[in-house]
Amino acid sequence: MRSIIKSVESAIKKITTNLDTKMVCSSLGPVKLEKNINMTNNLGREILIKREDSIDDFGCGNKLRKLHYILQDVKKKKSDTLISVGSLPSNQCKAVAKVACENGLNCHLIYGGDKQAKPKMAQGNYLLTTLYNPKISWFEHSSWIKLSENLSKIFDDEKNNGHSPYIIESGGSAGLGMLGSIELGFEIISQLQNNNSKKYDVVCAAGSGGTAVGIQMAAEFLDFDLEVHGICIGENADKLSCKATKLKDDTYKMLKLDSKLKKSINFYDCGLGIAYDTPSKEELETMQYAINKYGLIFDINYMVKTFIGMKYLIEKEKIRKNSTIILIHSGGQIGLFDNNDNMIEWYCKNNKDYVM
């Protein structure tokens, strides 16, 4: 096992040669992997929670693992402006604004989406993001394809204004960002060495699919009996599976290693709900339930959907019997306080002292 780890570490070291390892986005130490007794008793399966939500006080979570490697490349290329894109509750935009500020870089964020409009008042993740004073460009009611086009336009504008911009794609999973997800997989496996279970099933949110791919790659590198289940957040399972396959192949090429993934990653549509950033009554009730029963804050875009998906997989026996389940709490808990009409309406109906 150590020889495999060394070969992967050596490949990563070659990629990151001449990168400034002193340039970090956070103090990333081992993050707790803890058993949630109430959840274990309630769902009838041993469940460990990887507390990526505890990486920092701003709820950036595992986005910081990816940005740790991306930022080193930023330094190597002598870029001075980070550009990224997201919708109103974007956790990534917040994380990019945070690390840009910490590292003395400019930041230009693009916001939009099919149903997205600039809010009259900043709340939640958007409020925290704006407090870092990034430059913000809004493209209201724009499709993601259109936003990608605007991303290129903003890049050209920044370059024409004398800056050296660097684009961080949505999800932060492409390229060096994948090293953060592989690192997460290694960390989880190292924490399981003294666990009595012989097989493990990981459940994680799947937006870009990068976290699921990285964890699965780590398990394959170490020949560790671990299966990964990604709960789709925005796209359907078929589309995300295609993206994940390409992401995996591109990462192996980047590492200059032969692809060895024997197991396919399982992606599921069961947590999609009504739509992204449109929480249903069930999702909002689940959010409150998680706080009351498990002492956990699950944001209504990612973690609530992931938890509902995990429950579905357990009930339908999609997860192997007698395995230990690891739920990745990816962070984003500040999203609980985002602008959201569905949540406000639901809250007011359940708390008669408040009106919309």
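The values are calculated or read from the model by the stated rules, or taken from the named source; none is laboratory data. The shown structure was predicted, so the numbers you read here are calculated from the model rather than taken from an experiment. As a convention, Cβ positions derive from the backbone with ideal geometry for all residues, glycine included, and neighbour counts pool all protein chains shown.
Rundown of residues vs (1) modelled with pLDDT of 90 or more; (2) within 30 Å of residue 322 (Cα to Cα); (3) in a strand (DSSP E or B); (4) out of contact with any Lys or Arg (no Cβ under 6 Å at 6 or more places or on another chain), yes/no style:
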| site | (1), (2), (3), (4) |
| --- | --- |
| 147 | no, no, no, yes |
| 172 | no, no, no, no |
| 182 | yes, yes, no, yes |
| 193 | no, yes, no, yes |
How many residues of region 320-356 are free of Cβ contacts under 8 Å to residues at least 60 places away in the same chain, outside any helix (DSSP H, G or I) and basic (Lys, Arg)? The answer is 2
Pairs returned, first residue in region 184-210 that is aliphatic (A, V, I, L, M), second residue that is in a loop (DSSP other than H, G, I, E, B), beta-carbon separation under 6 angstrom, 6 or more apart or interchain, are 189/222; 189/224; 205/233; 205/302; 205/330
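Quick one: which residue in 310, 287 is in a helix (DSSP H, G or I), within 20 Å of residue 225 (Cα to Cα) and assigned by TED's automatic domain parsing to the domain that holds residue 231? Steps first, please.
Numbers: 287 fails: within 20 Å of residue 225 (Cα to Cα).
310 is the lone residue from the list that is in a helix (DSSP H, G or I), within 20 Å of residue 225 (Cα to Cα) and assigned by TED's automatic domain parsing to the domain that holds residue 231.
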Quick one: which residue in 164, 190 is more than 15 Å from the chain's Cα centre (by Cα), of a type in the set (Gly, Ala, Ser) and farther than 30 Å from residue 87 by Cβ? 190
For residue 293, the lone unmet condition from (1) without any contact (Cβ under 8 Å) to a residue 60 or more places away in the chain; (2) outside any loop (DSSP other than H, G, I, E, B) is (1)
Going by what's in this entry, would residue 273 be described as modelled with pLDDT under 90, buried (at least 18 other Cβ atoms within 10 Å of the Cβ) and not in a helix (DSSP H, G or I)? yes
Within region 142-167, can you find the residues that are touching a residue at least 24 places away in the same chain (Cβ under 8 Å), more than 16 Å from residue 112 (Cβ to Cβ) and not small (Gly, Ala, Ser)? 158, 163, 165, 166
Residues that are in contact (Cβ under 8 Å) with a residue 60 or more places away in the chain, under 16 Å from residue 210 (Cβ atoms) and out of contact with any strand residue (DSSP E or B) (no Cβ under 9 Å at 6 or more places or on another chain), drawn from region 222-272: 247, 250, 251, 254, 255
So, of the residues in region 284-335 that are aromatic (Phe, Trp, Tyr) and under 22 Å from the mean Cα position of the chain (by Cα), which turns out to be farthest from residue 55 (Cα to Cα)? 312
Do you know which residues across region 135-176 are closer than 14 Å to residue 73 by Cβ and touching a Phe, Trp or Tyr at 6+ places or on another chain (Cβ under 8 Å)? 165, 167, 176
Find all pairs meeting these conditions: Cβ atoms under 9 angstrom apart; at least six residues apart or on different chains; first residue within region 101-120 and more than 24 Å from residue 144 (Cα to Cα); second residue hydroxyl-bearing (Ser, Thr, Tyr) and assigned to a loop (DSSP other than H, G, I, E, B). 101/132; 102/26; 105/79
In region 216-247, residue surrounded by the most Cβ atoms within 10 Å (Cβ to Cβ) [restricted to those that are touching a Leu at 6+ places or on another chain (Cβ under 6 Å) and within 14 Å of residue 182 (Cα to Cα)]: 219
Of everything in region 47-69 that's charged (D, E, K, R) and surrounded by fewer than 20 Cβ atoms within 10 Å (Cβ to Cβ), which residue is modelled with the highest pLDDT? 51
Within region 339-356, can one find any residue that is outside the structural domain of residue 188 (by TED's automatic domain parsing), β-branched (Val, Ile, Thr) and either surrounded by fewer than 22 Cβ atoms within 10 Å (Cβ to Cβ) or out of contact with any Pro (no Cβ under 6 Å at 6 or more places or on another chain) (or both)? yes
Scan region 307-319 and report the pairs whose first residue is closer than 18 Å to residue 265 by Cα and whose second residue is surrounded by fewer than 17 Cβ atoms within 10 Å (Cβ to Cβ), with Cβ atoms within less than 6 Å and a gap of 6+ or a chain change. 314/43
